[in-house]
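*Asks:* If you scroll down you'll find the structure; I have some questions about it.
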């Protein structure tokens, strides 16, 4: 089958952990080599010529279509219809987190959602919106684990050791500004978070960001944000860490070191970051926009394109500090969920293949 893209962690974790699963074609390299390794964007499989010249049973689209024009997608859909190749579309984003304006993404969805032979999304709230906007029913299948199961197990052991220790430890609130997607608005959150932790013993606000946003020579330098963070760091009010892109092992270690991660989004739909935190036992404070609170048990606060509810953010920090958070999933729960997701997807694929015949 053609999964677009095949090498995304979400897609990889839809296959059974052990045993047979769908045979996914490797992501073609954009430079024309046989298959992509690290560089597979934009997905070549979205080219109508690729869909017309390769053999597969099902075309399952996840990500990458924002790199194609509306006309390209119409041609792709027409090619799949002509070849009687079923189109499955998992709608991760009803609002693209990289786009300040939603118009282009909406036009893409207006092509893909009506054309799909089966729709999947991650939450009931997103499915309800799909029903309202297009009159289509989507299967609701939850997000699989993001962190490898063996890493999850080690992180759980280390967290239990820390909790059982007699030595006092810091309570770390993490705010990650990384490379500032359009959906992120972290600057107004910083003073609220500093006020929230001021009277909490051993509480620390840790802010991580990439050089391209926080260094003057960065491609996406944000002078206002960088200046504010440097000022707070110089005064010892925040633990500021500036670095480049973190590899997986570094990212898992960083997230596991936090007690709670605050998502600074003002719009969006779902979040893989949220799932990675849960895998590692790190609590999540998520905004009221999108369907983050539908995705998993999180602490929430009011935040969208129009307002920030400072009181609810402070209250969420207090709840996290007091330990009033739902426990993250265990390794066995994630393993069972992965098996169930693999079976659910297999049923959808088979029903479409049978129908195409």
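*Asks:* How far apart, in nanometres, would the label points at residue 227 and residue 200 be if each is projected 7 angstrom from Cα along the Cα-to-Cβ direction?
*Replies:* 2.9 nm
*Asks:* Label residue 335 and residue 234 with points 7 Å out from Cα along Cα→Cβ: what is the distance between them in nm?
*Replies:* Label at residue 335, label at residue 234, 5.3 nm between them.
*Asks:* If you don't mind, there's one more thing I want to ask. Mind listing the Cα extents of region 95-154 along all three principal axes, in Å, largest one first?
*Replies:* Its Cα atoms span 43, 27, 19 Å along the three principal axes.
*Asks:* Please give the per residue volume of the convex hull enclosing the alpha carbon atoms of region 149-321, rounded to a whole number of Å³.
*Replies:* Measuring per residue, one finds 115 Å³ for the Cα hull of region 149-321.
*Asks:* Related question: Cα axis of helix 124-134 to longest principal axis of the chain: angle in degrees, 0 to 90, nearest 10?
*Replies:* For helix 124-134, the angle is close to 50 degrees.
*Asks:* May I ask for the distance between the Cα centers of region 165-229 and region 43-113, given as a whole number of Å?
*Replies:* Centre-to-centre (Cα) distance: 36 Å.
*Asks:* What span do the alpha-carbon atoms of region 46-122 cover on each of the three principal axes, reported in whole Å from largest to smallest?
*Replies:* Ordered largest first, region 46-122 gives principal extents of 37, 25, 17 Å.
*Asks:* Additional query: Against the empirical 2.2 N^0.38 Å scaling, what ratio does the C-alpha Rg of region 234-333 come to?
*Replies:* Against the compact-globule rule of thumb, the ratio is 1.11.
*Asks:* Please pull out the direction-averaged projected area of the chain, using the convex hull of its alpha-carbon atoms, in nm² to one decimal place.
*Replies:* The Cα convex hull of the chain, projected and averaged over all directions, gives 18.8 nm².
*Asks:* Oh, and also: Can you say what percent of the DSSP beta bridges in region 149-321, counting only those with both residues inside, are antiparallel? Round to 5.
*Replies:* Counting only bridges with both partners in region 149-321, antiparallel ones make up about 10 percent.
*Asks:* Could you tell me the relative contact order of region 1-129? Use alpha-carbon pairs under 8 Å, at least six residues apart, and round to a whole percent.
*Replies:* 21 percent
*Asks:* Also: What is region 107-242 by shape, rounded, prolate or oblate, if you read a ≥ b ≥ c off the alpha carbon gyration tensor as root eigenvalues and call it rounded for a/c under 1.5, prolate for a/b larger than b/c, and oblate otherwise?
*Replies:* oblate
*Asks:* Of all DSSP beta bridges in the chain, what percent run antiparallel (nearest 5)?
*Replies:* Beta bridges within the chain, antiparallel portion: roughly 5 percent.
*Asks:* Would you calculate, for the chain, the mean residue ellipticity at 222 nm contributed by helices, counting each DSSP H stretch of 4 or more residues as -39,500 (n - 2.57) and dividing by all residues, to the nearest 500?
*Replies:* -12500 deg cm²/dmol
*Asks:* How far, in degrees from 0 to 90, does helix 223-234 lean away from the longest principal axis of the Cα atoms of the chain, to the nearest 10?
*Replies:* 40 degrees
*Asks:* Let me ask another. Which residue, 31, 128, 309, has the most motion in a Gaussian network model of the chain that connects Cα atoms within less than 10 Å?
*Replies:* For the chain, modelled as a Gaussian network with Cα springs under 10 Å, the answer is 31.
*Asks:* Mind giving me the FRET efficiency for residue 343 and residue 9? R0 is 22 Å, r the Cβ-Cβ distance, nearest 0.05 is fine.
*Replies:* 0.65
*Asks:* Something else now. With springs only between Cα atoms under 10 Å apart, run a GNM on the chain and tell me which of 330, 179, 227 wobbles the most.
*Replies:* 227
*Asks:* Now for a separate question. Would you mind telling me which residue in 197, 23, 130 has the biggest mean-square fluctuation in a Gaussian network model of the chain, where springs connect alpha carbons within a distance under 10 angstrom?
*Replies:* Of 197, 23, 130, the Gaussian network model singles out 23 as fluctuating most.
*Asks:* Okay, moving on. Rounded, prolate or oblate: which one fits region 151-214, using the alpha carbon gyration tensor with axes a ≥ b ≥ c (rounded when a/c is under 1.5, else prolate when a/b beats b/c, else oblate)?
*Replies:* oblate
*Asks:* Follow-up question, since we're still on this one. To two decimal places, what compactness ratio does region 269-318 give when its Cα radius of gyration is scaled by 2.2 N^0.38 Å?
*Replies:* Expressed relative to 2.2 N^0.38 Å, the Cα Rg reads 1.10.
*Asks:* Using r as the Cβ-Cβ distance of residue 318 and residue 220, and R0 as 30 Å, what FRET efficiency do you calculate, to the nearest 0.05?
*Replies:* 0.35
*Asks:* Now for a different question. If the chain between residue 153 and residue 305 were fully stretched, how many nm would it gain, using 0.36 nm times the residue separation less the Cα-Cα distance?
*Replies:* 51.0 nm
*Asks:* To the nearest µm²/s, what D does Stokes-Einstein give for region 305-356 at 25 °C and 0.890 mPa s, using the Kirkwood radius over alpha carbon pairs as Rh?
*Replies:* 163 µm²/s
*Asks:* What relative contact order, as a whole-number percentage, does the chain give when Cα pairs under 8 Å and 6 or more residues apart are counted?
*Replies:* 17 percent
*Asks:* I would also like to ask the following. Where a ≥ b ≥ c are the square roots of the eigenvalues of the C-alpha gyration tensor, would you call region 1-150 rounded, which needs a/c under 1.5, or, failing that, prolate if a/b is larger than b/c, or oblate?
*Replies:* Note, shape of region 1-150 comes out rounded.
*Asks:* Give me the distance in nm between label points sitting 7 Å out from Cα along the Cα-to-Cβ direction at residue 83 and residue 244, one decimal.
*Replies:* Placing both labels 7 Å beyond Cα along the Cβ direction yields 3.8 nm.
All of the numbers you see were taken from the coordinates with simple rules; none came from a lab. Predicted, not measured: the structure shown is a model, and the values here were computed from it. A quick note on method: Cβ atoms are made from the backbone with ideal geometry, for glycine too, and the neighbour counts reach across all protein chains shown.
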